[in-house]
Amino acid sequence: MDLLDILLNDCVNPSMSFKTNNLKKLGNQVNVPINTDEDGYFGRECPVEGCLGYFKVTPGTGITEPAPCHCPYCGHTGDNNTFWTQEQLDYAHSFVLRQVTDALHKDMKSMEFEHKPRGMLGIGISLKVTQSTPHPIEYYREKELETHVVCESCTLRYAIYGVFGWCPDCGIHNSVQILAKNFELARKELILAEAVERDLADHLIGDALENIVSAFDGFGREISSRKGTEIRFQNLPGARCNVQDKFGFDFADALTADQWQYVCRVFQKRHLLAHKMGVIDDDYVLKASDFGAVAGRKVQVSAEEVNSSIEIIELLGRTLFAGILPLAL
Ligand SMILES: [Zn+2]
Ligand SMILES: [Zn+2]
């Protein structure tokens, strides 16, 4: 009697059974490898509906013990497992399905049999398991981002769109660090200026001045906007009043009166460079306390002046930061 006879005649409830060894081997969970990109980052996505901000972090840097994740853009704090990107989730879903369907196929393959026909009128029976196209895995590529940061506080390497953001590991805002980086670039321009002819040196010094003022303005706007306020920082006396008004502290507190006057003058020189082709106007003569300045003449800016201003602006920046965003998330 062959298998067909058994199935058709002998069993009240004919059934077939097969071993599920391969399925069992998967256990009750499947680990999905999430690989880093060529620079060592893997993507993260803020789960907040109105944000969904994409950023990347480098595993093995930053805080080593389990810690929540912070969105660099909106500041949302949550469990790390809630920050998977949609692409990673689609990939994980397809990866698990593939593991399960492959295991199922292997188990079913073990059921294969073949009974050759016997005798003159014998009936042969066989079971052959063939697999259609394996379930496709949805691979993905991490995106290119604009700013790469090594957190000064926890050493996490992370990448974001734009420039400013909270550190995903320790929650420190990177604005002071970005400001310092811009000042470093300006200092390099000043060093370059020492080695070139006068015209180019003047241009580099002016450019360095414009860059530090823009960096401070961007920095100040960023941290005040984090508290829902828009303040411009290219006009220092105006910004000082606005900060006092909105936040109740004086960001020039740490400066002497001379330092304040000095840095205000340098900011006014920047205004002339940016908007008046560097030519002194009446407003400058009136407000800049620059004795000897004559309207219609070109304003003079020295590398030493810009260097000294950087130190003062750095101090202003740190006071501003401590007053507006004093705590990590
Ligand atoms: Zn967010
Ligand atoms: Zn950090």
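Quick notes on this one:
- Rounded Å value of the spacing that divides the Cα centres of the stretch 216-239 and the stretch 30-90: 30
- The chain: angle of helix 175-193 to the longest principal axis, Cα-based, in degrees nearest 10: 60
- Volume per residue that the Cα convex hull of the stretch 290-329 spans, once the total is divided by residue count, Å³: 117
- Size descriptor, Kirkwood hydrodynamic radius, that averages inverse alpha-carbon separations across the stretch 105-248, Å: 21.4
- Helix-only CD estimate at 222 nm, as mean residue ellipticity for the chain, using -39500 (n - 2.57) per DSSP H run (n ≥ 4): -13500 deg cm²/dmol
- Area accessible to solvent at I280, 1.4 Å probe radius, in Å²: 10
- √(5λ) per eigenvalue of the Cα gyration tensor, the chain, largest first, Å: 71, 20, 14
- Inter-label distance for N235 and W260, nm, one decimal - labels placed 7 Å from Cα along Cα-to-Cβ: 1.8
- If you run the Gaussian network model on the chain, springs between alpha carbon atoms under 10 Å, then out of A67, A215, A159 the most flexible one is A67.
- Simple spin-label estimate for D199 and E146 gives 3.4 nm between the two label positions (7 Å along the Cα-to-Cβ direction from each Cα).
- Using alpha carbons only, the radius of gyration of the stretch 41-106 set against its Kirkwood radius gives Rg/Rh = 1.10.
- In the stretch 39-107, the GluC sites (Glu not before Pro) that fall in loop regions by DSSP, at most 12 other Cβ within 10 Å: E49
- Overall Cα dimensions of the stretch 69-171 - principal axes, largest extent first, Å: 85, 24, 21
- Separation between Cα centres of the stretch 135-166 and the stretch 274-329, rounded to whole Å: 35
- Looking at the stretch 212-304, the trypsin sites (Lys or Arg not before Pro) that sit in a DSSP loop and have at most 16 other Cβ atoms within 10 Å of their own Cβ are R226, K227, R232, K276, R297.
- Flagged links, alpha-carbon separation over 29 Å, of K24/K56; K56/K106; K246/K287; K19/K116; K246/K269: K24/K56; K56/K106
- Computed from Cα positions, the angle between helix 303-324 and the longest principal axis of the chain comes to roughly 60 degrees.
- Projecting label points 7 angstrom from Cα along Cα→Cβ for T130 and K24 puts them 3.1 nm apart.
- Selected from G220, G40, G27 as most flexible by GNM, with the chain as the system and alpha-carbon contacts under 10 Å: G27
- Dipole of the chain, positive end: most advanced residue of S289, I63, T20 [Cβ charges, Cα centre]: T20
- The chain: most fluctuating residue of L145, L200, L121 per GNM, C-alpha cutoff 10 Å: L121
- The angle separating the long axis of helix 236-247 from the principal Cα axis of greatest extent in the chain is about 50 degrees.
- V279 accessible area, assembled protein chains, probe 1.4 Å, Å²: 50
- Set of the stretch 253-275 residues, backbone N closer than 16 Å to the point 7 Å along the Cα-Cβ line of K227: 253-254
The values are calculated or read from the model by the stated rules, or taken from the named source; none is laboratory data. In this text, all values refer to a predicted model and were calculated from it rather than measured experimentally. Note that each Cβ is placed from the backbone with ideal geometry, even for glycine, and that neighbours are counted across all protein chains shown. The protein model used for the area step is the full one, side chains on, heavy atoms only, and it has no ligands, DNA or RNA in it. Shrake-Rupley method; radii C 1.70, N 1.55, O 1.52, S 1.80 Å.
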